[in-house]
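Just below is one structure, and these are the notes that go with it.
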Amino acid sequence: MEQRPTLSRPGLALALVSAIGMVLAGVGFHIALIILAIWLGTLWLSAPRPPQPDRSGGDGAFTRASVGDLIEHSATPMLLTQGSRVTTANLSARRLLGSHLVDQDARVAFRHPEAIALLARDAAGSAIIRGLERRRDIWSMNRQPIGDGFAVIELVNRTSEADISRAHTDFVANASHELRTPLASIIGYVETLLDTPGSLDEETSDKFLGTIAREARRLQHLVEDLMSLSRVEAEKHDQPEEEIGFASLVERAARDAAGSERAHRLEMHCNSPVLIAGDSQQLEQLVRNLVDNALKYGDDDKMVSVAVDMSDKGEATLTVEDRGEGIAAEHLPHLTRRFYRTDPGRSRASGGTGLGLAIVKHIVERHRGRLDIDSVQGEGTTVTVRIPCKAPSQAAVRDIAKLS
Amino acid sequence: MSEHTVKAFDDDITRLRGLIAEMGGLAEVSIQESLDAMVQGNEGLAEKVIKRDRKIDAIETDVDKLAVRIIALRAPMADDLREVIAALKIAGVVERIGDYAKNIARRVGEIEGRKRFEPLTLLPAMGDLAAEMVHDVLTAYASRDPELALEVIRADAKVDAFYNSIFRNLVSHMVENPATISSAAQLLFVAKNIERIGDHATNVAEMVHFAATGEYPPDEDS
């Protein structure tokens, strides 16, 4: 772009004419030349600089579109605002906040007071906001004005950092008690057996050994469940990508959970082809835990129904329904808490660790799904898991077309 | 929503929605902080919640003024009219939600012997449910999503069940520990306030559904 200032033509002409006039009028040639030089010098200094390209008017629309293109595929959610309105949002931002936010007031997208304070200040800055997508997540929001009322907003997810420290305290608080109980009884019985060699009759010592074996196995289950819980938690923040036929996975995992002796109690409705993006190992565990619970806590002679369907909103739904005594309403909200038991005695007797539903909840959360537990006492319990569907790839569409 | 010929009308509606979202954001934070203050006995935080309520009230007045101005000057029709009417009503309800959060914050100083007062541990889970409803309903409002609104309406039953459970729990606690009756009675009010927050979130959900579809959601109680 031409950056050198241009001299105005009338000014040049006037200077030249005056110089010639001065020479003709008899002023010395050198003096006239010096005056001309000074004149031209001042003209050059005061010449108007070429105007800066205007960002908002003229080809400003083009500039904005190109900024939009520039940020579109950035992995960081980014937005462009003009005044209080969102004018452009890149793909990640639309995925995070919904595509409705374009052309809305930015406050609709970020309603946290800190964010609104940041939007109201017309200066660069950042804010920590909670509950952007889900209620508990933490994001840092950076805003940089770029002139003409435009500003770029960038969002960075900080949830995982905050989660790690909380997960540690939770784990220590909950797990140590649960781990210590079986250990205490193992140690107690073993010490009794060691201290009194020969004085115990066979029946009693067999009973003791049985208890030790049972408690050790319980400890083993507990450790296994804790391991898988912490594995799920560790991966909580990376979204699973694997393309999975949900119905066949559910069917396989449910049969697996029931085993040969309980398989006749399963009633499967897994015919709709539903594709989701997920982690097959974790989803199998989810189904196993739910089906095992239903078989365990439902009545022994009643069927357990397992159904996979597609909701109107494009979510894969898994429903596991049992008929049995059900769960009292006051327990429902706590069910997914670690080590929560509605009836500690029964749960212990059936070898439960108190972690099954906590694992389920974490797996559902990792898949950005929802978990609902409904129960009517005396009738039974229904667990519904909803996981957003993957937009089917071309190959998958062809497969489904072939199937139907 | 499609654009209007009068650009200023679009601006007004956008501003109205922005104000509602701002109010909602404040209320959401107030609920969370009032419960945190209650559980931790943090009176400074409670004071902050009480102060914030004035801000919510001020925005409600702004919404009222703007809505009346839109109706008077632009005579909106069909979905625009629904949008404005819904905003007017939602602002009133969100203001109530803010009041409940303030009421909870006011009671923070009234609980004695916090360390050994076991019923306190019941509140956060219930508060979480109600706060989740408020969060979801505001998201539903932002995205004009009637389905999510229906989900919020369904979630209210859980909060109600929770309230009943806490009520029974507190009453039996009072019977066993007469010394803590005054604190436990305060907690009853707090639980009631949370339950009302859930009810009001349901009201907002109904209006979101109405603004989006023109119909009130089917009554699921029966």
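The values are calculated or read from the model by the stated rules, or taken from the named source; none is laboratory data. The structure displayed is predicted, hence computed values, not measured ones. Ideal geometry is used to build each Cβ from the backbone, glycine not excepted, and the neighbour counts take in all protein chains shown. Just so you know, the surface numbers come from the protein's heavy atoms only, side chains and all, with ligands and any DNA or RNA stripped out. Shrake-Rupley method; radii C 1.70, N 1.55, O 1.52, S 1.80 Å.
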Mean-square fluctuation check for chain A, GNM, Cα pairs under 10 Å: which of A:Phe246, A:Phe29, A:Phe150 is largest?
A:Phe29
Connecting C-alpha atoms closer than 10 Å in a GNM of chain B, tell me which of B:Asp80, B:Asp156, B:Asp53 has the biggest fluctuation.
B:Asp80
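So what is the relative contact order for the stretch A:61-157, in percent, with contacts set as C-alpha pairs under 8 Å and at least six apart?
So the answer I get is 24 percent.
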Separation in nanometres of the label points that stand 7 Å from Cα toward Cβ, at B:Ala8 and A:Ile38:
5.7 nm
Working from Cα positions, state the angle (0 to 90°, nearest 10) between the long axis of helix A:394-403 and the longest principal axis of chain A.
40 degrees
For the residue pair A:Ser260 and A:Ala162, what label-to-label distance in nm results when each label sits 7 Å from Cα along the Cα-to-beta-carbon direction?
5.2 nm
Using just the helices of chain B, give the 222 nm mean residue ellipticity in deg cm²/dmol: DSSP H runs with n ≥ 4 each add -39,500 (n - 2.57), and the total is spread over all residues, rounded to 500.
-29500 deg cm²/dmol
Taking a probe of 1.4 Å and leaving out DNA, RNA and ligands, chain A shows per residue an accessible area in Å² of 56 Å²
Give the interface area between chains B and A as buried accessible surface, both sides summed, probe 1.4 Å, in Å² to the nearest 100.
2600 Å²
Calculate, in nm to one decimal, what A:Val27 and A:Arg217 gain on full extension: separation in residues at 0.36 nm each, minus their alpha carbon distance.
56.7 nm
Counting pairs of alpha carbon atoms under 8 Å apart in space and at least six apart in sequence, what relative contact order in percent does chain A give?
10 percent
Using Cα pairs closer than 8 Å and at least 6 residues apart in sequence, work out the relative contact order for chain B, in percent.
26 percent
Peptide B:119-132 - average C-beta neighbours from other chains (10 Å radius):
1
What's the FRET efficiency of A:Leu45 with A:Ala124 using the Cβ-Cβ distance as r and R₀ = 51 Å, to the nearest 0.05?
0.90
If I model a spin label as a point 7 Å beyond the Cα along the Cα-Cβ vector, how far apart are those points for A:Glu191 and B:Thr61 in nm?
7.1 nm
Helix-only estimate, please: 222 nm mean residue ellipticity of chain A, summing -39500 (n - 2.57) across DSSP H runs of length 4 or more and dividing by its residues, to the nearest 500.
-16000 deg cm²/dmol
When chain B is treated as a GNM, springs tying every alpha-carbon pair under 10 Å, which of B:Asn203, B:Asn193, B:Asn169 comes out with the largest mean-square fluctuation?
B:Asn169
Return one whole number: the accessible area per residue of the stretch B:120-208 in Å², for a 1.4 Å probe.
35 Å²
How would you classify the stretch A:93-156 from its alpha-carbon gyration tensor, with a ≥ b ≥ c the square roots of the eigenvalues: rounded for a/c under 1.5, else prolate if a/b is greater than b/c, otherwise oblate?
oblate
Expressed as an acute angle from 0 to 90° and rounded to the nearest 10, what is the orientation of the C-alpha long axis of helix A:356-366 relative to the principal long axis of chain A?
20 degrees
Can you list the residues, at least 5 places off or on another chain, whose amide H is less than 5 Å from the amide H of A:Gln104, using H built in the peptide plane?
A:Val86
Order A:Cys389, A:Cys270 by their accessible area, 1.4 angstrom probe, all chains in place, largest first.
A:Cys389, A:Cys270
Could you calculate the FRET efficiency of B:Asp79 with A:Thr87 from 1/(1 + (r/R0)^6), where r is the beta carbon distance between them and R0 is 22 Å, rounded to 0.05?
0.45
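Using only the heavy atoms of the protein chains and a 1.4 Å probe, how would A:Thr319, B:Thr61 rank by accessible area, largest first?
B:Thr61, A:Thr319
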Please compute, for peptide B:21-33, the average count of beta-carbon atoms on other protein chains lying within 10 Å of each residue's beta-carbon.
5
Using the charge dipole of the protein assembly as shown (Lys, Arg: +1 at Cβ; Asp, Glu: -1 at Cβ; taken about the Cα centre), state which of B:Gln40, A:Leu183, B:Val159 has its Cα farthest towards the positive end.
B:Gln40
Residue-averaged beta-carbon neighbours from other chains (10 angstrom radius) around A:111-121:
4
Residues hit by the 50 Å² burial cutoff in the stretch B:139-153, accessible area with a 1.4 Å probe, assembly against chain on its own, are B:Ala142, B:Glu151
Please work out the FRET efficiency for the pair A:Met303 and A:Lys207, using the Cβ-Cβ distance as r and a Förster radius of 45 Å; give the result to the nearest 0.05.
0.75
Taking the 0 to 90 degree range and rounding to the nearest ten, how far is the long axis of helix A:29-46 tilted relative to the main principal axis of chain A, both from C-alpha atoms?
20 degrees
